[in-house]
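The values are calculated or read from the model by the stated rules, or taken from the named source; none is laboratory data. These numbers were taken from a predicted model, which means no experiment stands behind them. Note: ideal-geometry Cβ built from the backbone for every residue, glycine included; neighbour counts use all protein chains shown. Each accessible area value is taken on the protein alone, full model and side chains, heavy atoms only, with ligands, DNA and RNA left out. Shrake-Rupley method; radii C 1.70, N 1.55, O 1.52, S 1.80 Å.
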Amino acid sequence: MRTLITLSTVFTVSLTAHAAVNITALEVSGDVVFTAAGTLDLSSLTFAGSGLAFNQINASASYLSMGSGFADSYISVTGPSSFGTSEFTSSTTFSGDGIVFTSTNLLVPAGYVSGTALSSTMTFEDATLESLGLTPGSYTWSWGSDSATLTISAPAVPEPTTYALLGGLAALGFAAWRRRRG
């Protein structure tokens, strides 16, 4: 009997899990790439009208706009006050659904139905997180039982042991070069 209760509890928890969109910002081959994927539940939000998605960020105002086109605007969102220091910066390329987050609003593709999969990417060519004024960390917009999280990942920094290994390899290479030369 105890096993049956435990299994039904696990099943109930999995049914009540909320929707979410996860967004990442990474440095990739000299560019900064934003990627978003997931689903959203709009049931606890208030429809506020229509707007546009513009493929840009304003980190100092907690504004993230991915994709393009007309969008439905909803209020009652609580978000971060900022995720960096940049002003409006437009992406070089983009694709996918228009999704916009501000500190108080959410915009989704016009006619979006809760639970429908969303995905979007945008790229800032020849950029770094630093040049875009982005502060590494995790930033969450939330409403009702739903949320969206932006994760800005700092570029990997080599460990001191990596530098020691490279220094040792350079010394071996120099010694071999001197031996061949002399």
Subject >> Conditions (1) modelled with pLDDT of 95 or more; (2) in a loop (DSSP other than H, G, I, E, B); (3) on the phi < 0 side of the Ramachandran plot; number of the one not met by Ala148 >> reply: (2)
Original post:
Out of the residues in the range 17-38 that are open to solvent by 40 Å² or more (accessible area, probe 1.4 Å) and part of a loop (DSSP other than H, G, I, E, B), which is nearest to Thr104 (Cα to Cα)?
Top reply: His18
**OP:** Kindly indicate whether any position in the range 77-91 is among the hydrophobic types (A, V, I, L, M, F, W, C), farther than 26 Å from Thr135 by Cβ and touching a residue at least 12 places away in the same chain (Cβ under 8 Å).
**Re:** no
Subject >> Those residues of the range 92-117 which are open to solvent by less than 20 Å² (accessible area, probe 1.4 Å) and more than 20 Å from Gly144 (Cα to Cα), in sequence order >> reply: Gly98
